[in-house]
Each structure stands twice: as C-alpha cells, then as structure tokens.
Amino acid sequence: MEIDRRTANVMLACVFAVGFVPPLAHAQEKTADTVKAVEAALATGVTHELARQFTLCELRAAAWGRYDVAVRVGKAATPDGQPRVFQITKGKFSQKADPKTDVELASVEGKGGNVVVATKEEAFARGMPFFISDAALASPTELNYTVHSNPAVPVEGAFFMMEFRSEHVFGTALEAQKPFSSKPEPQARTFKLSSPIDPKDKNRFEIVTQLQSHQGCLASNTIDLNALVKAAPSE
C-alpha cells in the first residue's frame with residue numbers, strides 16, 4: 001500500500017496543531033492556578049483582614065514574578081489561634097503550622113523580587129491588572145510611562161509607587177494624590193521626581209493598589225529605574 005506523503009504531512013500537521021501546547025501557555029496556566037490556590041487558602045486560613053490582604057499581595061507577586069517567598073502569620077490572625085507560614089517555592093504554594101513564630105499579625109521574609117514580563121499579553125495571562133510599557137526618563141526628574149489595563153481584571157483606584165532600597169534603608173513613594181483606574185485604551189502618564197535617581201540604590205517603580213497609607217499591593221510588572229538612568233540621553 002502506497003502512502004501519499006502530502007496527505008500524511010497534512011494529517012501530522014493537524015495533530016501537532018491540536019495536541020501541542022506551548023511551554024509558555026503551560027506556565028501561565030500554572031501561575032493562575034497557584035494564585036487561585038493562594039486565594040482559597042487565605043479565605044479560610046487568615047481571619048484578620050489586613051493580614052490576609054498583606055499575605056495575598058506578597059504571595060501573588062511571588063507567583064507572578066516566579067520567585068520564592070514566605071509569609072508568617074501570627075496566632076491573632078488565624079481562626080484556630082495557630083500561627084502558620086504560607087510559602088511560594090519554585091512556583092508551588094504550600095502552607096504549614098509555624099508554632100515557633102513570634103509574629104503578631106503577618107511578616108514577609110526576604111526582600112521580594114522583581115516581576116519582569118516582556119509583553120502585556122504575558123502579564124495579563126498571569127493575572128496582572130496592569131502592564132507598564134515605554135518607560136523612559138525625559139529628564140533626571142521626569143519619568144514617562146504607559147499603562148495598559150487588563151480587561152479581565154478591572155481596578156478602581158490604582159497608584160504609581162516608587163521603591164528605593166540601599167544597604168540599610170528601604171522606602172517607598174506612593175503617588176496617593178493621583179489615583180487612576182482601568183481603561184480600554186493605554187494611559188500615558190508622567191511622574192515628577194523630587195530629585196534625580198541615585199544609582200547606588202536599588203530603584204524601581206510599579207502600579208499598586210493601596211494597602212495602607214504608605215504601602216501598596218502590586219498590580220503590575222516592575223520597572224528597574226536604574227536601567228532607565230543608564231538608557232537616558234546625557235545632557
């Protein structure tokens with residue numbers, strides 16, 4: 001029996017197209033599943049509202065950024081009065097009793113990580129409400145950037161937040177007076193810095209929702225400000 005190679009090639013191509021799922025798609029689905037598992041666990045495992053929001057913010061950012069994190073929650077914030085630790089390790093979420101902790105409400109270990117993604121499609125597939133693009137320093141104290149909104153995760157009341165970290169000091173600047181919300185079209189925005197960026201520190205910015213008066217809950221990718229300083233044209 002003779003096989004028509006042209007027909008066979010077409011059949012194989014069809015099977016490949018239907019059965020093959022790119023590794024990136026698998027990774028995005030895994031991230032979304034991890035975030036759902038975190039949300040479900042915290043809904044019943046942490047009764048203190050602020051502690052629950054804080055823990056969710058830290059774990060979700062780690063899932064988006066694919067770095068490890070541990071959040072310890074004290075007995076005052078759990079339904080059974082037992083301290084617990086919630087972790088993201090190599091993309092997997094877990095929780096366990098943490099009887100030796102002396103945390104009152106919630107505390108995160110480590111300095112966190114960056115959430116770096118190449119496109120808005122990738123950011124939205126991971127579940128981020130916003131994606132920042134086209135960030136550039138028009139001058140040493142003027143930062144321009146564009147915000148793209150995820151139509152599946154609308155947000156009312158988002159903010160620009162800058163973070164700086166030196167060897168001994170960590171601080172944030174939350175633009176609380178200029179909130180914005182999700183929009184179908186890209187939003188071009190400008191932030192005026194009070195002074196030029198010091199490249200000796202670790203500096204970044206992102207979009208957040210407000211957690212407390214001076215804290216934010218990550219809602220986008222993070223942008224390395226020091227890289228923008230290097231890319232800025234010399235005056």
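Tabulated data
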read-out	value
Matching option when the condition is over 20 Å from the mean Cα position of the chain (by Cα) and modelled with pLDDT of 95 or more, among Phe205, Phe160, Phe191, Phe180	Phe191
Scan of region 33-60 for residues that are of a type in the set (Lys, Arg) and buried (at least 18 other Cβ atoms within 10 Å of the Cβ), ordered by number	Arg52, Arg60
Residues of region 56-75 satisfying the condition of being more than 13 Å from the chain's Cα centre (by Cα) and either in a helix (DSSP H, G or I) or among the polar types (S, T, N, Q) (or both)	Lys75
Counted residues, region 80-117 - those being among the polar types (S, T, N, Q), closer than 23 Å to Gln215 by Cα and part of a loop (DSSP other than H, G, I, E, B)	1
Tally, over region 118-158, of residues that are surrounded by 20 or more Cβ atoms within 10 Å (Cβ to Cβ) and part of a loop (DSSP other than H, G, I, E, B)	3
Members of region 185-235 that are surrounded by fewer than 16 Cβ atoms within 10 Å (Cβ to Cβ), touching a residue at least 60 places away in the same chain (Cβ under 8 Å) and either part of a strand (DSSP E or B) or of a type in the set (Phe, Trp, Tyr) (or both)	Asp224
From Gly171, Gly113, residue being of a type outside the set (Val, Ile, Thr), surrounded by fewer than 17 Cβ atoms within 10 Å (Cβ to Cβ), touching a Phe, Trp or Tyr at 6+ places or on another chain (Cβ under 6 Å) and closer than 21 Å to Asp68 by Cα	Gly113
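The values are calculated or read from the model by the stated rules, or taken from the named source; none is laboratory data. Remember, predicted model here, so these are calculated numbers, not experimental data. Using ideal geometry, Cβ is built from the backbone for each residue, glycine included, and neighbour counts are taken over all protein chains shown.
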